[in-house]
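First comes the structure, then the notes that go with it.
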Amino acid sequence: MAGHEILIDGSGRTDGGVHAYGQVATFNWTGKIPVEKLMYVLNHRLPKDIYIKSLEPVSDDFHARFSAIGKCYTYKLYKSDTPSPLKRRHAYRVPQNIDTGAMAKAASY
């Protein structure tokens, strides 16, 4: 779309099977598509498991990884004795009788 290769700097990477929400990336855009329309064009051309939530110009000294001020990790569990095909890729199944009090205490550490 730009007529040349574009180098993208991401704010970090995820391990296999991990989902990233709010991932930030920077790149220099010199293509013919106006920045205001670029997000919509990219969302129609990218694989279905990638979605651009917002796109905006930043200063030249901004870098997705080095300008980051923090990261937040969320671990999802669901209590069930049977696996859920709808949750299996987004949460970890624990037995129905798991001691949630002990888990909460351990998580505080």
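The values are calculated or read from the model by the stated rules, or taken from the named source; none is laboratory data. The shown structure was predicted, so the numbers you read here are calculated from the model rather than taken from an experiment. All Cβ positions, glycine included, derive from the backbone under ideal geometry; neighbour counts span all protein chains shown. Only protein heavy atoms, including side chains, enter the accessible area calculation; ligands, DNA and RNA are left aside. Shrake-Rupley method; radii C 1.70, N 1.55, O 1.52, S 1.80 Å.
Assorted remarks:
- Residue check: residue 65 meets all listed conditions (1) open to solvent by less than 100 Å² (accessible area, probe 1.4 Å); (2) touching a Gly at 6+ places or on another chain (Cβ under 7 Å) but one, namely (1).
- Residue in the stretch 37-47 that is at pLDDT below 90, in a loop (DSSP other than H, G, I, E, B) and over 23 Å from residue 67 (Cα atoms) present: no
- Residue check for residue 34: under 20 Å from the mean Cα position of the chain (by Cα) and not hydrophobic (A, V, I, L, M, F, W, C): no
- Only a single item in (1) among the polar types (S, T, N, Q); (2) at pLDDT 90 or above; (3) surrounded by 10 or more Cβ atoms within 10 Å (Cβ to Cβ); (4) under 30 Å from residue 91 (Cβ atoms) is not met by residue 54, and it is number (3).
- Selection within the stretch 75-99: residues that are in contact (Cβ under 8 Å) with a residue 12 or more places away in the chain and either among the β-branched types (Val, Ile, Thr) or not in a loop (DSSP other than H, G, I, E, B) (or both). The member of this set that is most open to solvent (accessible area, probe 1.4 Å) is 92.
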